[in-house]
Amino acid sequence: MVRTIGERVWDVPAERFVDVWNTSDSLDAVAARLRELAGGAVPRWSVMARAAALRKDGHELKPLPSR
């Protein structure tokens, strides 16, 4: 199945996503690392959507600076 750029972020396992998020210092850093893990473009909006979904499911993600 072909994944769109917004869907690739969901290919990264939740635990790995949380680890990348919590060890990064910015949203840009998270997106860059997830691009490597997902093997293609991962837009910031999709990273934010995945983070919101994971928080809703009870995962703890640290706050990142807004810019």
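The values are calculated or read from the model by the stated rules, or taken from the named source; none is laboratory data. Note that the coordinates shown come from a computational prediction; the quantities given were computed from them, not determined experimentally. Heads up, the Cβs are rebuilt from the backbone with ideal geometry, glycines too, and the neighbour counts pull from every protein chain shown.
Brief remarks on what is shown
- Close pairs from region 46-65: first more than 18 Å from residue 5 (Cα to Cα), partner at pLDDT 95 or above and part of a loop (DSSP other than H, G, I, E, B), Cβ under 7 Å, at least 6 apart: 54/61; 55/61; 64/26; 65/26
- Region 1-30 - residue that is among the aliphatic types (A, V, I, L, M) and outside any helix (DSSP H, G or I) and, of those, surrounded by the most Cβ atoms within 10 Å (Cβ to Cβ): 12
- Failed criterion for residue 33 (all others in (1) out of contact with any Leu (no Cβ under 7 Å at 6 or more places or on another chain); (2) exposed (fewer than 15 other Cβ atoms within 10 Å of the Cβ); (3) at pLDDT 90 or above hold): (2)
- A residue that is polar (S, T, N, Q) and at pLDDT 95 or above occurs nowhere in region 4-11.
- In region 41-55, residue modelled with the highest pLDDT [restricted to those that are farther than 13 Å from residue 14 by Cα and surrounded by 17 or more Cβ atoms within 10 Å (Cβ to Cβ)]: 46
- Region 43-61: number of residues that are among the basic types (Lys, Arg) and closer than 14 Å to residue 28 by Cα: 1
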